[in-house]
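Q: Have a look at the structure that comes next, please.
The values are calculated or read from the model by the stated rules, or taken from the named source; none is laboratory data. Note that the structure is a prediction, hence the values are computed from the model and not measured. When we count neighbours, we look across all protein chains shown, and the Cβ atoms used for this are built from the backbone with ideal geometry, even at glycine.
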Amino acid sequence: MKKLAILLVFTMNFFTPAHAAQKNIAVKKIEKLTTAPDAELLIATGSSIMLISNLESPTVRISISALDAKGTVIWEKKIESQQDEIASAVTSDGEGNIWLAGLAAPEKMVESATAATVADNPDAVVPEEYPDVREDLRVLKTWKISPLGEVISQYSTQLSEPALVNGISMSKSGVSIIGQYSGKPFLITSNLSGVFSKMFFVGTSKTVINSVVRNADSTSNLFGASSEKLAGKNLAGKRDGILMKVGKSGLVTSVVRSSIAKGDRAWLSSDSNLLLSGYVKSGKIIESAVTKFNPAFVPTWTIRIPTSGESIALSAGKNSYAALSSNSNVKSLIGWKPSKSQLLLLTFDSKGLITAASGISDLTSPFALSYSKELGVVGLAKSADQNVAVFKFAK
């Protein structure tokens, strides 16, 4: 039985489907549209690239900007609030509306007015002024935004402690949100009218959930990494990548582990077609894994590429795309010889073969990727000095 378990882990790590040989691909240059120093989130809707920024202002908390295909700003809208608010995850619905998920501070209590008492101050001492203490972000919040940047609705639920929001996904049945609360990974769901479920925990501090996909039947698929036993599945490496199914009631119904012996794996991104990307670390070797799974979490194809670890992937139609922080030659890519980490965008066909590649030397780490039929693939990446830019796939 032990030999069988080892064989299954080995198969998961080195699974390669039988298909035609990979052809050599010439690497084109990624189109850098514009710099966006404050942008933290990006999503493509129709012909617009939406950028979301969190602002430090007494009244304006979140900025939403729409860019055209050339990177020119079309409009900019602000979300105003008297409380601290932060948006940290974004998705969209079938009508082109944007859904943000994040956190907010509780509303301040209005104190009743009382007569002022003037203290004696014979020495005319000027009291030192202290800044207001920032309130804990203890309200989980979602915003529904129209394609033109207008706030349609806002929903929230009170928490007893501050939290972190890592992702949001939606279907016609509602919304699924993931994050960390009190050091533990959580899932919380709501219907489209903003009625939230209770918070479901899916592990301890030894587990992190980085991405979520909500299914039409209100169940959720969660992806991340764990160094603990989950749903009866033991740890195989130092830390394993995990694929987890969670039912409507918050019960974990299955877990699949992606492992490497004595190594570290994590899934960083996912999409509704179950295309995942993440890192594989073994000794000093770091690779990015891009894998297409079927609904039973069985891989249909996978590829590993030497990188510095950062990656994000998505699928559209028959193609899949992965943005990577590439730091060495990639077999079959003509003219790609980075001497340092550089942004590389790959296109795959339905069998996992690379069909196109684009790169750029002055960007390194991708952290947002999105697709629309009108725009193609667009994303956000940082340069070596941490400046942020919007890029577009050069067709």
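Q: Please tell me if SER211 is buried (at least 21 other Cβ atoms within 10 Å of the Cβ) and under 27 Å from SER182 (Cα atoms). Spell out the reasoning first.
A: On the way: buried (at least 21 other Cβ atoms within 10 Å of the Cβ): yes; under 27 Å from SER182 (Cα atoms): yes.
Taking the combined requirement at face value, the residue satisfies it.
Q: If you don't mind, another one. Which residue, of VAL208, VAL256, is among the hydrophobic types (A, V, I, L, M, F, W, C), more than 18 Å from LYS292 (Cβ to Cβ) and either touching a Gly at 6+ places or on another chain (Cβ under 7 Å) or assigned to a strand (DSSP E or B) (or both)? It would help to see each step written out before you state the result.
A: Values: VAL256 fails: more than 18 Å from LYS292 (Cβ to Cβ).
After ruling out the rest, the residue left standing is VAL208.
Q: Okay, moving on. Given the options LYS144, LYS206, LYS184, name the one that is of a type in the set (D, E, K, R), modelled with pLDDT of 95 or more, within 23 Å of LEU314 (Cβ to Cβ) and surrounded by 15 or more Cβ atoms within 10 Å (Cβ to Cβ). If you could, list the steps in order and put the result at the bottom.
A: Details: LYS206 fails: within 23 Å of LEU314 (Cβ to Cβ); LYS184 fails: within 23 Å of LEU314 (Cβ to Cβ).
Criteria check complete, one pass: LYS144.
Q: Which of the residues belonging to the stretch 264-285 are surrounded by fewer than 19 Cβ atoms within 10 Å (Cβ to Cβ) and either assigned to a strand (DSSP E or B) or modelled with pLDDT of 95 or more (or both)? If you could, list the steps in order and put the result at the bottom.
A: In the first step, residues of the stretch 264-285 are kept if they are surrounded by fewer than 19 Cβ atoms within 10 Å (Cβ to Cβ); the result is 272-273, 281-285.
Hits for the stretch 264-285 are SER272, ASN273, LYS281, SER282, ILE285.
Q: List pairs: first residue in the stretch 316-338 and in a loop (DSSP other than H, G, I, E, B), second residue among the acidic types (Asp, Glu) and modelled with pLDDT of 95 or more anywhere in the structure, Cβ distance under 9 angstrom, at least six positions apart or on different chains.
A: As it stands, the answer is LYS318/ASP349, since those pairs meet every condition given.
Q: Oh, and also: Can you pull out every residue in the stretch 226-253 that is under 16 Å from GLY203 (Cα atoms) and in a loop (DSSP other than H, G, I, E, B)?
A: Hits for the stretch 226-253 are SER227, GLU228, LYS229, ALA231, GLY232, ASN234, LEU235, GLY247, SER249, GLY250, LEU251.
Q: Within the set of pairs 6 or more residues apart or between chains, which connect a residue that is in contact (Cβ under 8 Å) with a residue 40 or more places away in the chain and farther than 18 Å from SER146 by Cα inside the stretch 61-83 to a residue that is among the aliphatic types (A, V, I, L, M) and assigned to a loop (DSSP other than H, G, I, E, B) with Cβ atoms less than 6 Å apart?
A: From residues that are in contact (Cβ under 8 Å) with a residue 40 or more places away in the chain and farther than 18 Å from SER146 by Cα, the pairs are ALA69/LEU375; GLN83/ALA105.
Q: Just checking, how many residues over the stretch 145-171 are part of a strand (DSSP E or B) and among the small types (Gly, Ala, Ser)?
A: Here is the first cut: in the stretch 145-171, the ones part of a strand (DSSP E or B) are 145, 151-158, 163-171.
Those left that are additionally among the small types (Gly, Ala, Ser): 153, 156, 163, 167, 169, 171.
Here the count works out to 6.
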